[in-house]
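Working notes, structure below.
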Amino acid sequence: MARVYNFGAGPAVLPLEVLEEAQRELLDYQGSGMSILESSHRGKEYDAVHQEALVNLRRLLDLGEEHEILLLQGGASAQFAMLPMNLLPMGTTADYILTGAWAKKAVSEAKIVGKVHVAANTMAEVPARIPRSEELNLTPGAAYVHLTTNETIGGIQWKTIPKTEAPLAADMSSDILSCPRNYRQFACFYAGAQKNLGPSGLAVVAVRKDLLERCPSTVPLFFRYKTHAEEQSLYNTPSTFSIYLLMLTTRWMLRQGLDAICARNREKAAKIYAAIDGSSGFYRGTAAKDSRSDMNVTFRLPNEALEEKFVKESSKAGMKALKGHRSVGGIRASIYNAFPMEGVDALVGFMREFARVNG
Ligand SMILES: *Cc1c(COP(=O)(O)O)cnc(C)c1O
């Protein structure tokens, strides 16, 4: 079996152990004589999977009883809409911090639902960067303040989460559980699972219980957080196989320990940034240094022809999906939790050699 180094931004690399376990159990889940794919979401086999996924997430996120954790369909994009539907009633304003393409999508959906104030906007800046807390122009009495903890396309990440009067809401799709963080400081956060947690189509959502009542009665039942909270995310048929893989992935994370995962993530990112900074300008990072993401490392080469060559040759060497997002070009190395250190070492070696030959 030849596994490549998959630098894809999402769906992304999963831990090999998790894939192997899913493969072993695929036809006969723990002696039940059927696949977990074929099992009722009301049966005891699936129920144990579902409950363990929730328990593992609560442990890893270190959330207490004040938060509900929900497993919902529609990925993070559904949450761009669902969050304001639940938390932005008429007559209130939500503050959004505009740092890149994903924050912009969140703003577009929220504007359809209610009143939005852009509290800071660094979208057009080169290099990309996270605004400083004194740049935030927050609305007194805002319904919530929304930020994107890691901009997957721009390659920037919040290092310090700002303190806000209003409840804090966040899209954490591309850096959730990459490191320990005070997750309790967020009133609501969500993440599409396909970067750090499992397969696509599934979103992990955490919301403070005291906010569940905020949802206006004009919102259909299915789109209310409260509906799913009351049914432990079993209101309708959940995305059972995705949740099974999420359970295995969170089990893997608990075995590793979040501190160890975090240290490794930082080391991986630091190695690639060092290769960029040590290239005498051949590689140029696209993010401001203090905003650099540990999950998505973005950089440019002297010209687009060289970038194309870089992508082609790295692919031939077993390093896949290094092409930057189609909207911005360049190179992007996504190095989520499950991405191995050896893949980073291979990339750094390739970068050195490529710069030597083409510089
Ligand atoms: C990938 C991503 C999304 C979109 O997730 P979907 O599951 O495709 O809806 C949203 N926000 C961020 C930060 C992302 O990285």
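Observations, loosely collected:
- Looking across the stretch 17-52 at every residue that is hydrophobic (A, V, I, L, M, F, W, C) and free of Cβ contacts under 8 Å to residues at least 24 places away in the same chain, the one that is nearest to Phe241 (Cα to Cα) is identified as Leu26.
- Restricting attention to the stretch 103-122, the residues being touching a residue at least 24 places away in the same chain (Cβ under 8 Å), surrounded by fewer than 20 Cβ atoms within 10 Å (Cβ to Cβ), closer than 24 Å to Ala203 by Cβ and out of contact with any Phe, Trp or Tyr (no Cβ under 7 Å at 6 or more places or on another chain) number 3.
- In the stretch 9-18, of all residues being part of a loop (DSSP other than H, G, I, E, B) and buried (at least 19 other Cβ atoms within 10 Å of the Cβ), the one that is farthest from the ligand (Cβ to nearest atom) corresponds to Pro15.
- In the stretch 86-102, the residues that are in contact (Cβ under 8 Å) with a residue 60 or more places away in the chain, touching an Asp or Glu at 6+ places or on another chain (Cβ under 9 Å) and buried (at least 18 other Cβ atoms within 10 Å of the Cβ): Trp102
- Once the stretch 225-282 is narrowed to residues that are assigned to a helix (DSSP H, G or I) and among the polar types (S, T, N, Q), the residue that is nearest to Arg332 (Cα to Cα) is Asn265.
- Cross-chain or 6+ apart pairs with Cβ under 7 Å, the stretch 342-359 first and within 14 Å of Ala270 (Cα to Cα), then surrounded by fewer than 19 Cβ atoms within 10 Å (Cβ to Cβ): Val344/Lys271; Val348/Lys271
- Residues that are aliphatic (A, V, I, L, M) and within 21 Å of Pro84 (Cβ to Cβ) were ranked within the stretch 155-179; the one that is farthest from the ligand (Cβ to nearest atom) is Ala166.
- For the stretch 180-199, the set of residues classified as part of a loop (DSSP other than H, G, I, E, B) and within 16 Å of the ligand (Cβ to nearest atom) consists of Arg181, Phe186, Ala193, Gln194, Lys195, Asn196, Leu197, Gly198, Pro199, listed by residue number.
- Any chance Leu347 is under 13 Å from Asn6 (Cα atoms), at pLDDT 95 or above and hydrophobic (A, V, I, L, M, F, W, C): yes
- Within the stretch 19-72, the residues that satisfy the criterion of being in a helix (DSSP H, G or I) and among the charged types (D, E, K, R) are Glu20, Glu21, Arg24, Glu25, Glu38, Lys44, Glu45, Asp47, Glu52, Arg58, Arg59.
- Looking across the stretch 58-106 at every residue that is within 19 Å of the chain's Cα centre (by Cα) and of a type in the set (Ser, Thr, Tyr), the one that is farthest from the ligand (Cβ to nearest atom) is identified as Tyr96.
- Test for Glu134: is it more than 11 Å from the ligand (Cβ to nearest atom), surrounded by fewer than 23 Cβ atoms within 10 Å (Cβ to Cβ) and in a helix (DSSP H, G or I): yes
- Test: residue in the stretch 301-318 that is of a type in the set (D, E, K, R), outside any loop (DSSP other than H, G, I, E, B) and closer than 30 Å to Ala22 by Cβ: yes
- Every condition in (1) within 16 Å of the ligand (Cβ to nearest atom); (2) hydroxyl-bearing (Ser, Thr, Tyr); (3) in a loop (DSSP other than H, G, I, E, B) holds for Ser217 except the one numbered (1).
- Among the residues of the stretch 283-300, just one is acidic (Asp, Glu) and in a helix (DSSP H, G or I), namely Asp290.
- Screening Met90, Met85 for residues that are at pLDDT 95 or above and in a helix (DSSP H, G or I) leaves exactly one candidate, Met85.
The values are calculated or read from the model by the stated rules, or taken from the named source; none is laboratory data. The structure presented is a predicted model; accordingly, all values stated were derived computationally and were not measured. Glycine gets a Cβ as well: all are built from the backbone with ideal geometry, and neighbour counts include every protein chain shown.
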